[in-house]
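Chemist: Structure incoming, see below.
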Amino acid sequence: MTDHYDVIVLGAGPAGYVAAIRCAQLGMKTACVEKWLNKNDKPALGGTCLNVGCIPSKALLEATELYHEAKHGFDDLGITCSDIKLDVPKMIARKDKIVSELTGGIEGLFKSNGIDWLVGAGTVIADKHVRVKAHDGSTTEHSADNIIIATGSVPIELPITPLHGDAVVDSTGALEWQSVPGKVCVIGAGIIGLELGSVWRRLGSEVVLLEAMDAFLPMVDAQIAKDAKRTFTKQGLDIQLSARVTGSTVKGDKVIVNYENSDGAQTMEVDKLIVAVGRKAYVHGVLTDEAGVELDERGLIHVNDSCETNVPGIYAIGDVVRGPMLAHKGSEEGVMVAELIAGETSSVNYDVMPNVIYTHPEVAWVGKTEEQLKADGVDYQAGTFPFAASGRAKAKGDTGGLVKILRDKSTDRMLGAHVIGPSASELLGQSVLAMEFDATIEDIAHTIHAHPTLSEAMHEAALSADGRAIHIANRKRR
Ligand code: FAD
Ligand code: AMP
């Protein structure tokens, strides 16, 4: 006999565990299959995000930023710090503790919501049955009215630069080094490459990022991306564009990296190499042919706007389907699918999806860039406000960067918000909310922002998009 569920979720990352919790909240008998083993070989919930992604990277970004500030930034404040010591193993252990507290927290939520955690690897077989292979090799079979596949993604490996111990690593390995390498090369100047490069740069490594493309952060508003490149370069991140890595070899305790740029073939000797060339959907062993679920040409599970696959009652969400590979995108899809299964109306507003790069300064954006608006022929006005003109940013001693708000001239609606600067990730929230509520610039103009706060920069940039900022000279109304 097989256990029967209303819903079985495969994968307990931010897409899958959120879907499972929402299903249980809506009264459905729910199970979630998860196979993750943490570095102590213990089963763990939370997926990439909690175990080796969002959370551990932010724990290290936070700690390294404080170290860097204490070492280089306090003098200006009249605080002399001498004898600052770095304990990398302790920093890594703190990160591990945060991870285990949070993944344990999901386990608690599963228990309190009555969700069965089926520990092992799940495979969707025919007729909405799921086979679960436990870590000891034993198998069980379960059936469900609905299946949600949330098996996520894994780092893309480059066959020309095979992973090698702790010398050539992917993003997971770069969160584990126990000492500061002398020189680090990062392949790929994308979000993950920049965040991990920043971590080790702040701790003292020489960091070179080799990026095959000739554009830096092409998805970011060009003015913001230009500011980011200038600032990161000033911090000592050596960002080389049009530099395509062609191979690597480990020689003793060094890694030789081969790459090509406009001057031809080049070689570089480094202590560590991070391969950060993106992630790919993970479907290995997840589906049998009998399940009948189709993939698209990029190997992602093909879904419609409701995240339903070609097989009715089988859904897929998160990194394993189209769209940005972001934790909150997967979680929102999880909520939507649970609510649709329960017969409710639900949707995800992909047009208002926040994006953040957690460097210092942080880069955060939502909606359209100026380049996209120009290409679409939209009649818009841009308003900008530099943090250098913010009293709070000055008081913090963190005045780099700016806010840019894009306004539709005919409707007065906000089309995009772009921030580079202190706490950009948190500041962006108000613009996300404004866009979700379809606020006009007039609405934002009337919204009182506490003084002195960084959020005043968001207010002023919005005012500036209507030619009426108070604390900077306004651009001519176009
Ligand atoms: P995952 O989190 O990958 O979870 C999938 C789960 O499915 C895994 O636990 C896996 O073990 C399990 N699984 C797979 N196959 C099976 C099977 N057959 N049976 C049972 N279980 C299975 N995103 C952000 O939004 N913000 C950030 O700051 C951020 N930082 C990141 C930093 C790094 C270093 C990395 C690598 C990623 C980061 N991301 C960030 C991306 C984010 O982690 C992913 O977008 C997110 O984890 C995707 O969620 P998911 O649930 O779709 O998949
Ligand atoms: P992301 O997908 O945002 O994580 O970024 C990964 C980056 O790696 C992209 O900008 C790619 O252009 C870059 N990339 C992929 N392959 C190579 C390579 N062989 N050499 C240098 N950069 C690469």
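Chemist: Looking only at residues in region 465-478 that are open to solvent by 40 Å² or more (accessible area, probe 1.4 Å) and in contact with a helix residue (DSSP H, G or I) (Cβ under 8 Å, 6 or more places away or on another chain), which one is farthest from ARG392 (Cα to Cα)?
Modeler: ARG475
Chemist: For region 423-432: of the residues being of a type outside the set (D, E, K, R) and more than 20 Å from GLN381 (Cα to Cα), which is nearest to the chain's Cα centre (by Cα)? Talk me through it step by step, then tell me what you get.
Modeler: Of region 423-432, the ones of a type outside the set (D, E, K, R) are 423-425, 427-432.
With the extra rule that they be more than 20 Å from GLN381 (Cα to Cα), the set shrinks to 423-425, 427, 429.
Numbers: SER423: 16, ALA424: 14, SER425: 11, LEU427: 17, GLY429: 15 Å.
Taking the candidates together, the pick is SER425.
Chemist: What single numbered condition from (1) within 11 Å of ligand 2 (Cβ to nearest atom); (2) open to solvent by less than 10 Å² (accessible area, probe 1.4 Å) fails to hold for VAL270?
Modeler: Exception for VAL270: condition (1).
Chemist: Within region 457-464, identify whether any single residue is among the charged types (D, E, K, R) and open to solvent by 20 Å² or more (accessible area, probe 1.4 Å), and answer yes or no.
Modeler: Taking every residue of region 457-464 in turn, none turns out to be among the charged types (D, E, K, R) and open to solvent by 20 Å² or more (accessible area, probe 1.4 Å).
Chemist: Which of (1) open to solvent by less than 50 Å² (accessible area, probe 1.4 Å); (2) outside the structural domain of TYR67 (by TED's automatic domain parsing); (3) not in a loop (DSSP other than H, G, I, E, B) is the odd one out, the single condition ARG201 does not satisfy?
Modeler: Every condition holds for ARG201 apart from (1).
Chemist: Go over the candidates TYR358, TYR350 one by one and state the one that is within 16 Å of ligand 2 (Cβ to nearest atom) and either open to solvent by 20 Å² or more (accessible area, probe 1.4 Å) or under 30 Å from ASP75 (Cβ atoms) (or both). Spell out the reasoning first.
Modeler: Details: TYR350 fails: within 16 Å of ligand 2 (Cβ to nearest atom).
The conditions single out TYR358.
Chemist: So, one more: Considering each residue of region 204-252, count those that are assigned to a loop (DSSP other than H, G, I, E, B), on the phi < 0 side of the Ramachandran plot and away from ligand 2 (no atom under 15 Å from the Cβ), and give that number.
Modeler: Qualifying residue count for the region: 3.
Chemist: Further question on the same structure: Which of the helices (runs of 4 or more DSSP H) found entirely inside region 23-142 contain at least 1 residues meeting this: more than 9 Å from ligand 1 (Cβ to nearest atom) and surrounded by 13 or more Cβ atoms within 10 Å (Cβ to Cβ)?
Modeler: Numbers: elements: 47-52, 54-68, 88-112.
The helices (runs of 4 or more DSSP H) meeting that bar are 54-68, 88-112.
Chemist: Can you confirm whether THR440 is buried (at least 22 other Cβ atoms within 10 Å of the Cβ) and either farther than 30 Å from ASP76 by Cβ or free of Cβ contacts under 8 Å to residues at least 24 places away in the same chain (or both)?
Modeler: no
Residue-by-condition table, conditions (1) among the acidic types (Asp, Glu); (2) more than 28 Å from ILE55 (Cα to Cα); (3) surrounded by fewer than 22 Cβ atoms within 10 Å (Cβ to Cβ); (4) under 18 Å from the mean Cα position of the chain (by Cα):
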residue: LEU340; (1), (2), (3), (4): no, yes, yes, no
residue: PRO354; (1), (2), (3), (4): no, no, yes, yes
residue: ASP376; (1), (2), (3), (4): yes, yes, yes, no
residue: GLY400; (1), (2), (3), (4): no, no, yes, no
residue: ARG413; (1), (2), (3), (4): no, yes, yes, no
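Chemist: Please enumerate the residues belonging to region 148-185 that are among the hydrophobic types (A, V, I, L, M, F, W, C), closer than 30 Å to ASN304 by Cβ and assigned to a loop (DSSP other than H, G, I, E, B).
Modeler: Hits for region 148-185 are ALA150, ILE156.
Chemist: Identify all residues within region 293-338 that are farther than 18 Å from VAL356 by Cβ, within 13 Å of ligand 1 (Cβ to nearest atom), in contact with a Cys (Cβ under 7 Å, 6 or more places away or on another chain) and outside any loop (DSSP other than H, G, I, E, B); write none if there are none.
Modeler: TYR315, ALA316, GLU333, VAL337
The values are calculated or read from the model by the stated rules, or taken from the named source; none is laboratory data. Bear in mind the structure is a predicted one, so any value in this text is a computation, not a measurement. Cβ atoms come from the backbone with ideal geometry, glycine included; neighbour counts cover every protein chain shown. Ligands, DNA and RNA are excluded from the accessible area calculation, which covers all protein heavy atoms including side chains. Shrake-Rupley method; radii C 1.70, N 1.55, O 1.52, S 1.80 Å.
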